[in-house]
Every structure is written in C-alpha cells, then in structure tokens.
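Let me begin by presenting the structure, written as structure tokens, before commenting on it.
We did not get these values from a lab; they are worked out from the coordinates using the rules stated. The shown structure was predicted, so the numbers you read here are calculated from the model rather than taken from an experiment. Note that each Cβ is placed from the backbone with ideal geometry, even for glycine, and that neighbours are counted across all protein chains shown.
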Amino acid sequence: MKLRAVLSLSLLLALAGCTRTPPAQYYVLAAPAGETALAPRTGALVGLGPIGLPGYLDRPQIVTRSGENRLDLAASRRWAEPFDESFKRALYEQLAALRPELRFLHYPWKASPPVAARIALDVQRFDRGSDGAVTLLARWSVASGTEAAPAQRASRISVPVAGKADDYDALVAAHGQAIALLAKDIAGAVAP
C-alpha cells in the first residue's frame, strides 16, 4: 500500500512537471508617429521633463484596471523595457514628429545655449479601465524662457481598445495612440 502511494505521488509530480506556464510575451510602447527627419535640427531647444509616472506602472507586467480601486497585472504580458523609458521615448518621438522645427532634449538637459521652453509632465493614470478604453490623465505645463510658474494644464485622453479584452497587441497600440494625442495637446502649446 505504501509503495502504491509513493508511485502515485511520483506520477502526479511528474505530470505536474509537464504542465508549463505560457511563455512571456514582451511589448514595446510606441506612439504612431510620422516620419521623423533624420537631418540635424537647428531650431530652438525645448527641454522635455521631468516626467512623473504613477508608481503602479513601475513594473514589467502590463497593468489593467478591473474596478475603481483594483489593478490587475498580466502574468505573461510584459513591457520589454522599463515603462518610464518607453513612455518618455514614445512621447519624445511623437513631439519631434509634430514639431520638426524644434530640438527636444531629455531631462536633465545640459544645454548651451539654454532651452527656450521646458515641458513638465505628471501622469496620474495610464491604464485600460473596466470600460475597455485606455485612459491617460496628465497634468503638464510649458514654460518659456525663465518663466518661473507656468500655468498648469490637464489632458484627459480615452482611447477605445480595438480588440478583445485579452488582445494585448490592441491594448499596447491604444497606449501608443493615447501618447500621440497627449503629444498633440502639448505640441500646440510650445511657443518657440
């Protein structure tokens, strides 16, 4: 009887070892930008940053919201790089495509001559909600020259996800579209 129990347990452990979790899939965040000119830019310098993101996005898993106060982490759907780096790069590329006459610099900038304008951004929410749309809430400001306290502006962007609830390609594309819309808001406020 004891031998039978040991063999059964061994068989169960062997079968459990055969089950596999699905392999992780990695995604890169990108805003759908037009062609960015590769020629050197000679326009005014614009500093981009600092950019603040919510702490709940500081993880490799893609985050979605399933209720007002509940976040879900996708077990096998991950960002290929730190989310803040992807966000900053996508926003930078979109701004550069929208305003090709300007030269954008990442924060912290050590530019000589000094920057003609500074863009500060604080993202308060960026995830797919229970309504199925990606929501981006951000407060931002554009300060020109030595302006100390620029007016705060806010963007509330909602982009429906085209695919099913488990279509992460469509979800990531909606994230990129939201960044493109945010960049459009900001680009229109940059004076130089």
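A few notes on this one:
- Ascending count of other beta-carbon atoms within 10 Å, so fewest first, for 140, 79, 109: 109, 140, 79
- The residues 106, 175, when put in order of fewest to most other Cβ atoms within 10 Å, stand as 106, 175.
- Ordering 62, 179, 51 from the fewest to the most neighbouring beta carbons within 10 Å gives 51, 62, 179.
- The local environment of residue 173, defined by Cβ-Cβ distances under 12 Å, has a net charge of -1 under the rule Lys, Arg +1 and Asp, Glu -1.
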